[in-house]
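Only one structure is covered here, and it is reproduced in the block below.
All of the numbers you see were taken from the coordinates with simple rules; none came from a lab. Note that the coordinates shown come from a computational prediction; the quantities given were computed from them, not determined experimentally. Positions of Cβ are backbone-derived with ideal geometry, glycine not excepted, and every protein chain shown enters the neighbour counts.
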Amino acid sequence: MSITLRSIVPLLLLAMGSTTCAQEHLLVFGIVKDLDSGGMMQNVRVRLVTDGLEGDSVFTDPLGRYQIGLPLQGAHVIEYNSSLHHPKIVEVSTENDMDALDREQEWGMRIDITLASAFLELPEDLVTMPAGKAAWIPERHAFEWDGPYTERYLFQFRKAVKAAKRD
């Protein structure tokens, strides 16, 4: 499982064929890969849940790419689902206040996800635990990961995958 986060101002998405992002949204984009093969995963459902309410869903393209817009207010869960893989979730909070100048910017966050095969016996609490947590940090005028949380998760995930492959 890997996660990569980058906040970009202004957002440049020429490689993904888009040059604009609606203001009042955070554009989340990235690539979904298979843990074992490292290959890009097509048709992975990427679903947004905001403040407990289901929002938009998109599917990854043949190169494993996706993009989805998150409103710049609320607590968001992004769910990555594929029938033959364990699901993964990431939390992104846009609840902290953004000043007017920050709201005028076009914000983007790259989140790359690696999914493990559903045939691996992983602990249920690890499967349902967010793989990462990001939030708007007003003092830094940026979206940032909770780095220590993500590192602890990745350590637990790698340990569980290693144990499951031994069994």
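Points to keep in mind about this one:
- Residue match in region 74-96 (condition: part of a helix (DSSP H, G or I), surrounded by fewer than 17 Cβ atoms within 10 Å (Cβ to Cβ) and not small (G, A, S)): no
- The numbered conditions (1) surrounded by fewer than 18 Cβ atoms within 10 Å (Cβ to Cβ); (2) in contact with a Leu (Cβ under 7 Å, 6 or more places away or on another chain) are all true for H141 except (2).
- The set of residues in region 97-108 being outside any loop (DSSP other than H, G, I, E, B) and either farther than 25 Å from G52 by Cβ or touching a Lys or Arg at 6+ places or on another chain (Cβ under 7 Å) (or both) consists of A100, L101, D102, E104.
- Restricting attention to region 100-138, the residues that are loosely packed, with under 12 Cβ neighbours inside 10 Å and free of Cβ contacts under 8 Å to residues at least 40 places away in the same chain total 6.
- Some residue of region 38-47 being at positive phi, of a type outside the set (D, E) and more than 17 Å from the chain's Cα centre (by Cα): yes
- Whichever residue in region 47-73 is among the polar types (S, T, N, Q) and either farther than 26 Å from D36 by Cα or in contact with a Ser or Thr (Cβ under 6 Å, 6 or more places away or on another chain) (or both) and, among such residues, is surrounded by the fewest Cβ atoms within 10 Å (Cβ to Cβ): Q73
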